[in-house]
Amino acid sequence: SAAEKGGYDYFMLKEIAEQPKAVADTLLGRIDASGLLTLDEVRIPASVLREVDKVVIVACGTAYHAGMIAKLAIEHWTRIPCETELASEFRYRDPILDQRTLVIAISQSGETMDTLMALRHAREQGARVLAVCNTNGSTIPRESDAVLYTHAGPEVAVASTKAFLTQLVACYLVALYLGQVRGTKWGDEIEAVIRELSDIAAAVDRVLETMEPVRALARSLADKDTVLFLGRHVGYPVALEGALKLKELAYMHAEGFAAGELKHGPIALIEEDLPVVVVVPSPRGRSVLHDKIVSNIQEIRARGARTIVIAEEGDEAVVPYADHLIRIPATPTLLQPLVATVPLQVFACELATARGNEVDQPRNLAKSVTVE
Ligand code: G6P
């Protein structure tokens, strides 16, 4: 009913709007005043976490994209080797696991069959499994050694939005906690990240307030067949997530690419007026990547693409090459997906509406896939 949707036309719109609160709720009580993480609910003894020599993340769909970003955070902050794999691939390939492997299973519903099978397989090999899950008492957390719940609240729309942002937050917390427990040298960067995490809900809110041009842009593209998405580092999974949302909701051909691969194939697809969304890394910090992406934007625009550029506030270098510019607040590099994904959710939702599609219940999809 309309009341259940909180006055919004679709659950998805309501859930997009709830993201600042979902993010804040997932952080609540987990960082103390001195910036230390208190994840006592993660009932894997510190002695075990100190011995972990490999992290493997398994998930499906949108949760897999959260896992791809989590890998970058875990390796950067803890220096523990980490790989992220689609649960459906992992379980059938004889992966190498032992008691020193920490497996993180990410799932909104906690009922996805492929993810469940992957974690069962991991536990049989002696690995510890930590679930990152949004549904209390669901199967995946029940069968795991420990669980860190995301506090997104119930997610009804099939296409995941607020659950994704909270999965990212939970994964950042796990990465920082691993570093804390293991005594990883706590540099200035980590302190800044923890401070910025506490402000991130406000940043997401700011993005939501500036979405009208994104909606107008989406409507103007309603009769397109294809949209491409490019990104690099954390922007690559964001590009994949933007493309997934567009497939799920708008039933359009949408593909995400690692921007560095452009010249290895995708650039052949660029033609006059093709919309290409580019997620631009911060010009601060890893500025090398920023400059490389700016050249990618120049290259595709020279070939006639219509460039839709998502870039940090104050990044002037992109301005000459952006047909459409979507601004996001500056964040530490690894946290950028929390703000960069939001315009892509709004974009897909509005395109679906413009194409007359059912937003909350896309054809052929299920909220939770409990079969193989
Ligand atoms: C389905 C949903 C996706 C979701 C995926 C994984 O495909 O349509 O939105 O990302 O399952 O679901 P989970 O509940 O495990 O996060």
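The values are calculated or read from the model by the stated rules, or taken from the named source; none is laboratory data. Predicted model, so just to flag it, every value in this text is computed and none were measured. Ideal geometry is used to build each Cβ from the backbone, glycine not excepted, and the neighbour counts take in all protein chains shown.
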Open item on the list: Checking Glu15 against (1) closer than 21 Å to Phe164 by Cα; (2) surrounded by 13 or more Cβ atoms within 10 Å (Cβ to Cβ); (3) away from the ligand (no atom under 16 Å from the Cβ): exactly one of these is not met. Which one?
Closed with: (3)
Open item on the list: Looking at Arg120 and the list (1) within 30 Å of Leu246 (Cβ to Cβ); (2) within 16 Å of the ligand (Cβ to nearest atom), which single condition is not satisfied?
Closed with: (1)
- [ ] Filter segment 336-359 down to the residues that are assigned to a loop (DSSP other than H, G, I, E, B) and touching a helix residue (DSSP H, G or I) at 6+ places or on another chain (Cβ under 9 Å), then identify the one that is surrounded by the most Cβ atoms within 10 Å (Cβ to Cβ).
- [x] Gln336
Open item on the list: Can you pull out every residue in segment 251-294 that is in a loop (DSSP other than H, G, I, E, B) and either acidic (Asp, Glu) or more than 19 Å from the chain's Cα centre (by Cα) (or both)?
Closed with: Tyr251, Met252, Gly265, Ile270, Glu271, Glu272, Asp273, Leu274, Pro283, Arg284, Gly285, Arg286
TODO: Check whether at least one residue in segment 248-270 is surrounded by fewer than 21 Cβ atoms within 10 Å (Cβ to Cβ), more than 24 Å from Ala66 (Cα to Cα) and acidic (Asp, Glu), and report yes or no.
DONE: no
- [ ] Quick one: which residue in Arg43, Arg142 is more than 16 Å from the ligand (Cβ to nearest atom), charged (D, E, K, R) and surrounded by fewer than 24 Cβ atoms within 10 Å (Cβ to Cβ)?
- [x] Arg43
TODO: Quick one: Pro141 ticks every box in (1) in contact (Cβ under 8 Å) with a residue 40 or more places away in the chain; (2) touching a Cys at 6+ places or on another chain (Cβ under 8 Å) except a single one, so which number is it?
DONE: (1)
Task: Hits in segment 129-139 (condition: within 19 Å of Gly29 (Cα to Cα) and surrounded by fewer than 24 Cβ atoms within 10 Å (Cβ to Cβ)) - done: Thr135, Asn136
Task: Residue list for segment 167-180, restricted to those being β-branched (Val, Ile, Thr) and touching a strand residue (DSSP E or B) at 6+ places or on another chain (Cβ under 9 Å) - done: Val174
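So which residues in segment 66-112 are free of Cβ contacts under 8 Å to residues at least 12 places away in the same chain and not in a loop (DSSP other than H, G, I, E, B), if there are any at all?
The answer is Glu75, Glu89.
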Open item on the list: Would you confirm whether or not segment 149-169 contains a residue that is at pLDDT below 95, surrounded by 17 or more Cβ atoms within 10 Å (Cβ to Cβ), more than 16 Å from the ligand (Cβ to nearest atom) and under 28 Å from Pro329 (Cβ atoms)?
Closed with: no
